[in-house]
Every structure is written in C-alpha cells, then in structure tokens.
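> Supplied in structure tokens, the structure appears directly below.
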Amino acid sequence: MNGSRQDGHSRWFWRFVALGLLAAGIVGFVALQILKPRPAVTPPVKQLPLVRAVPVEFRNGALPVTGHGLVKPRAEIGLAAEISGKVSYVSPALVTGGAFSAGDVLIRIDPEPFRAALAQARADRESALATLKLAEQQLARNEQLVAKGFLSRETLDERIAGRDQAKAALARSEALLETRRIDLERATIRAPFGGKVLSEKVDLGETVQPGKELARIFADDVVEIPVSLTDRDVALISDPWRGNASAGNEKVAATVTVEHGGVRYAWPGRVDRIEAAVDSATRTFNVVVRVNEPAARGKPLSAGAASPPPLLVGMYATVEIAGRDHGRYAVVPRRALRDDGTLWLLGAENAVSIQPVRVLREANDTAAVSANGVPDGARVIVSDLKVVTQGMPVRVVDESRTAPPLTERPES
C-alpha cells in the first residue's frame, strides 16, 4: 500500500515538472517575439513608364511630292488594213524597235487591182456624163417641139425623166469613182507620226483582210509617266490644275529618275495635266508628268555610269514633283504620328505634352508636319503607351537619329 502511494506521488511530481518546463518555454518564446527588433517599413517606389524619344528635326522650303509609274508613249496606235489584198511591200523599218518618220510608207497592199477598178470607175463616169449630155440635148429639142405643138406633153415628161435618171447615174458613177480612189490610197499605209515599232504581225506576200492589225507603233517625241497621288500629295503642288488649262501657262517642274545597271539616271519633266476623274477604287488622282526629249541620255546621279540610256517606254520610273514652299515644318518618325493626328512631345522634367499637328506628307518611315506648336529642341516619343495623359511624367531613353529624306524609295 505504502509502495503504491509513493509511486503515485512520484508520477504526479514529474508531470508537474514537465508542465512547468513547457510553460517556461512558451513564456520565453512569446517574450522573444515581443522583444525582437522590427525591420523598418518603407513604402514601394512608384515606377514611371519608360519611353524612347528622338529629337524633332526642323526644315525649311518646299516639300517634294514623289510617285512611281511606267513610262508610256504620248500616242500608241495599231496599224490595220482597211481593204483586202496581198501585201506587196513591207518597210525595212517595220520591225520591233524600228524607227520611222511621219509620212513614211510602212506597208503597201498590191495596188494594181485598185488601179484597174479606178480606171473602170473613170470610164463609167465618162459614160454617164455622155448619157446626161444626150438626155439634156433631147430634152431641149422636145421643149421647142412641144412649144410649137408638134409633140405632146407626155413625151416631154418622158424626156425630163430620162434627163433626171442620167443625172442620178452620173452621181452614182462619181461616188464610185471617189470610192475607188480612196481604196487605192488605202493600199498604201503611211506613218501618221514619227516614232518606233512596238510590234509587227505582217509578212510580204500575206493576204490581209479589213480590220486585221498589222503592226503597233508609238510616238517617241514625248513620253508620259502617270503617277497616282493622294489628295494630300496633290495639295502640296503649287496649283497643279493649271496644267489642264491653256498651253501658255508655265507648268510645274518635275524630275524623272530610272535605275539602270545599278545607277540612277534623271531627266527633266513637267506636270502636264491631272486626269479628269478620281480613281474610284483607290480615291487617288492620276497626275501625268511629261518628258519632251526622252531620246536624250539620262544624267547619272552617281558615279559608275558607263553608258547612260535614253528614257524608254516601259521603264519603271520615280517622279519627284516640285512642291510649293511651306516655310518651316517639322520632320518626325512616322511611328511617332498617332492615329488622331497628334504627337507626344516631351516637355519640362520629361512630362508628356500631347500636341495636335497638321500632317503635310508621309514618305518612307518619315512624316512632315506643321511646325506650329512644336517648340525648338523638342523631343517626340516613338514608343507606344497604353495610357497617356497630358503632363504625365515618364522615364526617357533618347535615340540619336537623323530623319531620312522625304523622297519615297522606289518600289522593287
């Protein structure tokens, strides 16, 4: 009994010791948490948007207007037979690329059948003329006999009808004579202007029919380059509509360039006219630039020109038209121009200034805009931002660059 009590007291003793140690540990842990030093709390740093910016370039003077187009002849026609017959002559110049002058005989259809028909028509006319003279003489005699009462009025009417029939026969013979004369002229096909042969489809001895195209020729004294320009581009040209008026008006100057053998060559030209209608598909204006001496060799614009070419039909040309003087304007990267026609400029302390501008021209990766409201030394943001407000501060990465010329690169 006494042993059991002693064992029970011993167990309770050690339980109290364990509980005391656990309580002491808990108290110590809480004390450590309360008494340990706290780190300093600092508010987070606000990150400003990072943008790229380039300096705005200012220029003075006229803005060039650039377009592209194929060189075309002033006139291009097809030579076709107007009569049927056998080809008896083909000019040596009637080959692709051959040159000829106005009035040169290019094709001749065998004229002998037409000469014979013309001679027959002349003989028929002489016969009809003789018949008419006889009818008139008979009518005159009959009129005298009727007046004296020797012939009836019915006989006189018959003589009058015979004379009128002779007149009609003479008119028919004269019309036939003129037709035969025209047919003989049509047997010879002459060049209506000086130029070159684009293609030919006829051989000596071939029998041709009316309407068949025998060759295609074009005038080479003048060439034209039609270029499509937007209304904004046309507005840069100083009164382009005067080219549509009388020839006495001074026309706007232009420069036509063509690349040949890796070298660009230039020819002087003029704005000749603007075509009457706006292109319904592209809403652009077709401006026609004319070069008066396409056979002259082009002026090389760089070194390495061995044999300058003439300006040939079918060449792909770049046309630069002299624009009117806009005074001072700003040149910025095209990507800096926003859809609503504004620029994001950097003001004092790198704050954003939203500036509306008037776009004068866009070419390549560059845009020319009005300089109004754009201060000297301004920088323009070229990167995109999701949200932009007036006066918003930003961080800036400057990009040093020079704006390219406002002349479009020729399309390949």
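The values are calculated or read from the model by the stated rules, or taken from the named source; none is laboratory data. Remember, predicted model here, so these are calculated numbers, not experimental data. Note: ideal-geometry Cβ built from the backbone for every residue, glycine included; neighbour counts use all protein chains shown. Accessible surface is based on the protein model in full, side chains and every heavy atom, while ligands, DNA and RNA are left aside. Shrake-Rupley method; radii C 1.70, N 1.55, O 1.52, S 1.80 Å.
Here is a yes/no grid of residues against (1) closer than 30 Å to residue 216 by Cβ; (2) modelled with pLDDT of 80 or more; (3) assigned to a strand (DSSP E or B):
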| position | (1), (2), (3) |
| --- | --- |
| 19 | no, no, no |
| 24 | no, no, no |
| 37 | no, no, no |
| 43 | no, no, no |
| 51 | no, yes, yes |
| 58 | no, yes, yes |
| 68 | yes, yes, yes |
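> Now a separate question. Would you say residue 101 is more than 24 Å from residue 176 (Cβ to Cβ), out of contact with any Lys or Arg (no Cβ under 7 Å at 6 or more places or on another chain) and touching a residue at least 40 places away in the same chain (Cβ under 8 Å)? Steps first, please.
Details: more than 24 Å from residue 176 (Cβ to Cβ): yes; out of contact with any Lys or Arg (no Cβ under 7 Å at 6 or more places or on another chain): yes; touching a residue at least 40 places away in the same chain (Cβ under 8 Å): yes.
Answer is yes for this residue.
> So if I check each of 183, 239, which one is open to solvent by less than 40 Å² (accessible area, probe 1.4 Å) and either under 25 Å from the mean Cα position of the chain (by Cα) or touching a residue at least 24 places away in the same chain (Cβ under 8 Å) (or both)?
Working: 239 fails: open to solvent by less than 40 Å² (accessible area, probe 1.4 Å).
So the residue among 183, 239 that is open to solvent by less than 40 Å² (accessible area, probe 1.4 Å) and either under 25 Å from the mean Cα position of the chain (by Cα) or touching a residue at least 24 places away in the same chain (Cβ under 8 Å) (or both) is 183.
> Which one is most open to solvent (accessible area, probe 1.4 Å) among residues in the stretch 309-340 that are in a loop (DSSP other than H, G, I, E, B) and of a type in the set (A, V, I, L, M, F, W, C)?
Filtering the stretch 309-340 for residues in a loop (DSSP other than H, G, I, E, B) gives 309-315, 322, 324, 337-340.
Still in the list and also of a type in the set (A, V, I, L, M, F, W, C): 311-313, 315, 322, 337.
Working: 311: 7, 312: 76, 313: 55, 315: 33, 322: 52, 337: 29 Å².
Step by step, filter the stretch 309-340, then rank; the result is 312.
> Let me ask another. Has the stretch 383-392 got at least one residue that is open to solvent by 30 Å² or more (accessible area, probe 1.4 Å), over 30 Å from residue 266 (Cα atoms), of a type in the set (Lys, Arg) and touching a strand residue (DSSP E or B) at 6+ places or on another chain (Cβ under 6 Å)? Let's see the steps before the verdict.
Of all residues in the stretch 383-392, those open to solvent by 30 Å² or more (accessible area, probe 1.4 Å) come to 384-392.
Subset that is over 30 Å from residue 266 (Cα atoms): 384-392.
Filter once more, keeping what is of a type in the set (Lys, Arg): 386.
The next check asks that each one be touching a strand residue (DSSP E or B) at 6+ places or on another chain (Cβ under 6 Å); those that pass are none.
Looking for residues that are open to solvent by 30 Å² or more (accessible area, probe 1.4 Å), over 30 Å from residue 266 (Cα atoms), of a type in the set (Lys, Arg) and touching a strand residue (DSSP E or B) at 6+ places or on another chain (Cβ under 6 Å), one finds none in the stretch 383-392, hence no.
> Could you list, in sequence order, the residues of the stretch 348-363 that are touching a residue at least 24 places away in the same chain (Cβ under 8 Å), out of contact with any Gly (no Cβ under 7 Å at 6 or more places or on another chain) and loosely packed, with under 15 Cβ neighbours inside 10 Å?
To start, the set of residues in the stretch 348-363 that are touching a residue at least 24 places away in the same chain (Cβ under 8 Å) comprises 349-354, 357, 359-363.
If we keep only those that are out of contact with any Gly (no Cβ under 7 Å at 6 or more places or on another chain) as well, we get 349-350, 354, 360-363.
Listed by number, the list holds a single entry, 349.
> Looking at 118, 156, 170, 134, can you tell me which residue is open to solvent by 60 Å² or more (accessible area, probe 1.4 Å), among the aliphatic types (A, V, I, L, M), out of contact with any strand residue (DSSP E or B) (no Cβ under 9 Å at 6 or more places or on another chain) and over 30 Å from residue 286 (Cα atoms)?
Values: 118 fails: open to solvent by 60 Å² or more (accessible area, probe 1.4 Å); 156 fails: open to solvent by 60 Å² or more (accessible area, probe 1.4 Å); 170 fails: open to solvent by 60 Å² or more (accessible area, probe 1.4 Å).
Going through 118, 156, 170, 134 in turn, the sole match is 134.
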